[in-house]
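Below: one structure, written as structure tokens.
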Amino acid sequence: MVETENYTGADCTGSSGGSNRVLTLSNTGKTTQGGFLVYASGLALSLTTDYTVSHNTTSSEITFLNRLWDDMLIIVNYYQSISGVAGDFGLGPLTDFGVVAVRTPVTVATDYSGNKVYVDGTDVDIEIVIQPYDTKHELDKSGLNKVYDMMAFIGPSTTLNKYDKITYDSKVYRVDNMSTRDFNGTTVMKKAMLFYAEDE
């Protein structure tokens, strides 16, 4: 979504008629150069010739290289990366309910007998939203079977694989199933289904 902000030269640092005056935007996510447009008194300004910009995660700054008077109207159009759904999980559930857990990456190998061997890697802290999985039973040949113990949700850039271990609240869980939750072609978060393995 395009954001539009309206200012005058009086909103910039420095004195009327001066150069290198700085305007601070109201963005709450990092601005991007694609689609970033600046107008002063109705004229489109050129990057590096008329202005420079510092794309910050909040409060991006435009420096006007040429003379700028207080009564000049300034219009800025921009996109910010946080406006997409990819940032929603990090700003919502992960911020509100996230905890730090320990991920132990696990490599699966085969020994000389053809048996699977699970080799633990180096522990790393990850941010995660973890919750008990409502007991689900499947009507299956021999009767009722519990499927998973916990569900975990992580950000789209966090690495977590099948067979990895998650340690939280002095309990160790093993990742059995990983899936992504996408919206309009963008991964919003990943979901992991966990089995309880042992106490820490």
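Quick one: in the range 1-12, which of the residues that are among the hydroxyl-bearing types (Ser, Thr, Tyr) and surrounded by 13 or more Cβ atoms within 10 Å (Cβ to Cβ) is nearest to the chain's Cα centre (by Cα)?
For the range 1-12, the residue satisfying everything is Tyr7.
What residue, among those in the range 146-174 that are of a type in the set (Phe, Trp, Tyr) and either without any contact (Cβ under 8 Å) to a residue 40 or more places away in the chain or outside any loop (DSSP other than H, G, I, E, B) (or both), is nearest to Pro93 (Cα to Cα)?
Restricting to residues being of a type in the set (Phe, Trp, Tyr) and either without any contact (Cβ under 8 Å) to a residue 40 or more places away in the chain or outside any loop (DSSP other than H, G, I, E, B) (or both), the top hit is Phe153.
Whether any residue in the range 163-186 is modelled with pLDDT under 85 and of a type in the set (Ser, Thr, Tyr) is what I want to check.
yes
Thr158 versus (1) within 26 Å of Ala109 (Cα to Cα); (2) more than 23 Å from the chain's Cα centre (by Cα): which is the lone unmet condition?
Checking Thr158 against (1) within 26 Å of Ala109 (Cα to Cα); (2) more than 23 Å from the chain's Cα centre (by Cα), the one that fails is (2).
What are the pairs with Cβ atoms under 6 angstrom where one residue, in the range 26-37, is on the phi < 0 side of the Ramachandran plot and surrounded by 15 or more Cβ atoms within 10 Å (Cβ to Cβ) and the other, located anywhere, is at pLDDT below 85 and among the β-branched types (Val, Ile, Thr)? Sequence gap at least six, or different chains.
Close Cβ pairs (under 6 Å, with a partner that is at pLDDT below 85 and among the β-branched types (Val, Ile, Thr)) amount to Gly29/Ile82; Lys30/Thr57.
Can you pull out every residue in the range 98-137 that is in contact with a Gly (Cβ under 8 Å, 6 or more places away or on another chain) and of a type in the set (D, E, K, R)?
Glu127
Tell me, which residue of the range 110-129 that is of a type in the set (A, V, I, L, M) and closer than 30 Å to Phe89 by Cβ is surrounded by the fewest Cβ atoms within 10 Å (Cβ to Cβ)?
Val124
Where in the range 1-99 are there strands (runs of 3 or more DSSP E), lying wholly inside it, with at least 2 residues that are among the hydrophobic types (A, V, I, L, M, F, W, C) and modelled with pLDDT of 90 or more?
In the range 1-99, 21-24, 37-40, 61-64, 73-78 are the strands (runs of 3 or more DSSP E) which contain 2 or more residues that are among the hydrophobic types (A, V, I, L, M, F, W, C) and modelled with pLDDT of 90 or more.
The values are calculated or read from the model by the stated rules, or taken from the named source; none is laboratory data. The model shown is predicted, which means the values in this text are computed figures rather than measured ones. Neighbour counts run over all protein chains shown; Cβ positions are idealised from the backbone, glycine included.
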